[in-house]
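Worksheet for the structure shown next.
The values are calculated or read from the model by the stated rules, or taken from the named source; none is laboratory data. Because the structure is predicted, anything quoted here is derived from the model rather than measured. Quick reminder, even Gly has a Cβ in these numbers, built from the backbone with ideal geometry, and neighbours come from all protein chains shown.
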Amino acid sequence: MTVTPISKKQVKTSSSSNLLFGIIAASLAIGGLSACNKSSEPVAPAASTTIGTEVDDAVLTTKVKTAMLADEYVKSLDIKVETFKADVMLSGFVDTQAQMDRSVEVAKAVMGVRNVNNKLSLKDGTQSMGNKIDDTVITASVKAAMLADPIMKSREVSVVTVKGEVQLSGYVDSETQISHATDVAKTVEGVLSVVNHMSVKK
């Protein structure tokens, strides 16, 4: 049996090859672990609104209401104010087009308001004291129906009634909720018609 001696050069080459193989293997292992760790990290869903946004909207709503009360021309009007991402919605009934225009101007003048969505309506004819009392009862009944409904109970829906005509406004998550709000209001005794000015959040 013949034993061939291994030269120093061959030993050196073999060691270098083993070292190179070890480095490559280690690199692949580390890369694999990094990829696994990266893929296992949960991706947080993008929130449509933040707590800060909701607080800012609440502040804007208060500012617009305060500005309305401070204005001699519109302070006595029953105007509902809703805000979503600095987009202010005005709803309710006014006596004249001039009052409607003035209400929009007052809201637009408030610092921080990005846009004013005018959903105000003109009253049809004069209102008697009896009409006002009946409308107050209808408004309360519609609000109670909304709170009792499993789909609408957590939704912010403003309700205004004039001579049996109910006006709904506010921001919801879908068109389905808008349609459902109308259906709920129509079931209330005394409601003659429903005008829905609600909008889907964007």
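The set of residues from region 179-191 being surrounded by fewer than 21 Cβ atoms within 10 Å (Cβ to Cβ) and within 21 Å of residue 118 (Cα to Cα) comprises 179, 182. One residue stands out among those in region 159-178 that are touching a Leu at 6+ places or on another chain (Cβ under 8 Å) and assigned to a loop (DSSP other than H, G, I, E, B): the one that is surrounded by the most Cβ atoms within 10 Å (Cβ to Cβ), which is 163.
So is residue 156 under 30 Å from residue 56 (Cβ atoms), in contact (Cβ under 8 Å) with a residue 60 or more places away in the chain and surrounded by fewer than 18 Cβ atoms within 10 Å (Cβ to Cβ) or not? It is true that residue 156 is under 30 Å from residue 56 (Cβ atoms), in contact (Cβ under 8 Å) with a residue 60 or more places away in the chain and surrounded by fewer than 18 Cβ atoms within 10 Å (Cβ to Cβ).
Assessment of region 174-181 against the conditions (at pLDDT 90 or above and of a type in the set (A, V, I, L, M)) yields at least one matching residue.
Given the structure, is residue 162 in contact (Cβ under 8 Å) with a residue 60 or more places away in the chain, more than 30 Å from residue 55 (Cβ to Cβ), among the aliphatic types (A, V, I, L, M) and not assigned by TED's automatic domain parsing to the domain that holds residue 75? Criteria met by residue 162.
For region 97-115, the condition holds for no residue, the condition being that it is within 21 Å of residue 191 (Cβ to Cβ) and of a type in the set (D, E, K, R). Those residues that are of a type in the set (Lys, Arg) and touching a helix residue (DSSP H, G or I) at 6+ places or on another chain (Cβ under 9 Å), I need them from region 68-113; list them, please. Listed by number, the residues that qualify are 75, 85. Would you be able to tell me the number of residues in region 91-122 that are within 22 Å of the chain's Cα centre (by Cα) and part of a strand (DSSP E or B)? Adding up the residues that qualify gives 8.
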